[in-house]
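Before any comments, here is the structure.
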Amino acid sequence: MELCGALAVGGLTPYAALLGQIRKESDIPIRCLMRPRAGDFLYTKEEVKMLCRQIEVLHCAGATGFVLGFLNADGTLNRAAMQDCIAACEGAPVTLHRCIDVSENLERTYRVAHELGVDTVLTSGGATNCLLGQDGLARLLTLRDAESGPEVLIGAGVNAEVITALRKKLPAARAFHMSGKTELDSQMQFRKEQVPMGLPGLDEWTIYQTDPQAILAARAAVDA
């Protein structure tokens, strides 16, 4: 499982306290997303140092792996930042997240991730969603098999129906990533609409929650 917070902005680093609560209930393997803010993946040295410290805290709290990614201004993978955070992981497995989808070259970024020891790459194939990114996914799956590279974890727009469709078109696909989120209306009765707590226009009366039935359906589609 990947653990993150703030799904509305694509996911941010989760609280250690949240991980601690989960660990009281389950010993399932958990990889924590290491993303300090919304927006691009061009991080300052200070942000990278903070992430390294957060990795140490989350590792102690029970994280079994980490999900991260850093780009240079030219769209290439930032090797130095990756190496610093991978070292902080102290041998825990690492997933390269969807920064690959906004990098300058899918295959080149994938190969650098392989060189750095990343074992999984989360990607939509360089498109808005995985159905639109099928050509890119096909190339990465071919590269995975030809070079014994990291697992290609297909994400963005995944549900049970999409898994079934992609497995027919991409027989080599075997790993899928989904949030399975559903939208719940806020239980607030009094709503002061004209005072936003975040970005103007952001829906603050919708709560995102994982739908267990969507996850079960996806698992059944993978196992079919």
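Points to keep in mind about this one:
- Boolean, Gly126 is under 26 Å from Ile100 (Cα atoms), in a loop (DSSP other than H, G, I, E, B), at pLDDT 95 or above and open to solvent by less than 50 Å² (accessible area, probe 1.4 Å): yes
- Odd one out for Ala113, checked against (1) in a strand (DSSP E or B); (2) under 26 Å from Gly91 (Cα atoms): (1)
- Among the residues making up region 11-58, those that are open to solvent by 60 Å² or more (accessible area, probe 1.4 Å), assigned to a loop (DSSP other than H, G, I, E, B) and in contact (Cβ under 8 Å) with a residue 12 or more places away in the chain are Ile28, Pro29, Arg37, Asp40, Leu42.
- Output for region 185-216, where each listed residue is open to solvent by 100 Å² or more (accessible area, probe 1.4 Å) and under 25 Å from Gly133 (Cα atoms): Leu216
- Taking the conditions (1) surrounded by fewer than 17 Cβ atoms within 10 Å (Cβ to Cβ); (2) of a type outside the set (Ser, Thr, Tyr); (3) within 25 Å of Val102 (Cα to Cα); (4) at pLDDT 95 or above in turn, Ala6 satisfies each one other than (4).
- Considering region 173-184, and only residues there that are open to solvent by less than 100 Å² (accessible area, probe 1.4 Å) and in a strand (DSSP E or B), the residue that is farthest from His97 (Cα to Cα) turns out to be Leu184.
- Qualifying residue in region 67-77 (condition: small (Gly, Ala, Ser), in contact with a His (Cβ under 8 Å, 6 or more places away or on another chain) and open to solvent by less than 70 Å² (accessible area, probe 1.4 Å)): yes
- Test: Leu202 is touching a residue at least 60 places away in the same chain (Cβ under 8 Å) and under 25 Å from Tyr43 (Cβ atoms): yes
- Taking the criterion of being in contact with a strand residue (DSSP E or B) (Cβ under 7 Å, 6 or more places away or on another chain), more than 26 Å from Ala80 (Cβ to Cβ) and either among the β-branched types (Val, Ile, Thr) or assigned to a strand (DSSP E or B) (or both), the only residue of region 129-155 that qualifies is Ile154.
- For region 156-172, a residue qualifies if it is aliphatic (A, V, I, L, M), open to solvent by 30 Å² or more (accessible area, probe 1.4 Å) and in a loop (DSSP other than H, G, I, E, B), and exactly one does: Ala172.
The values are calculated or read from the model by the stated rules, or taken from the named source; none is laboratory data. No experiment lies behind these values; they were computed from the predicted model shown. So basically every Cβ, Gly included, is an ideal-geometry build from the backbone, and we count neighbours across all protein chains shown. Calculation scope for accessible area: heavy atoms of the full protein, side chains included, ligands and nucleic acids excluded. Shrake-Rupley method; radii C 1.70, N 1.55, O 1.52, S 1.80 Å.
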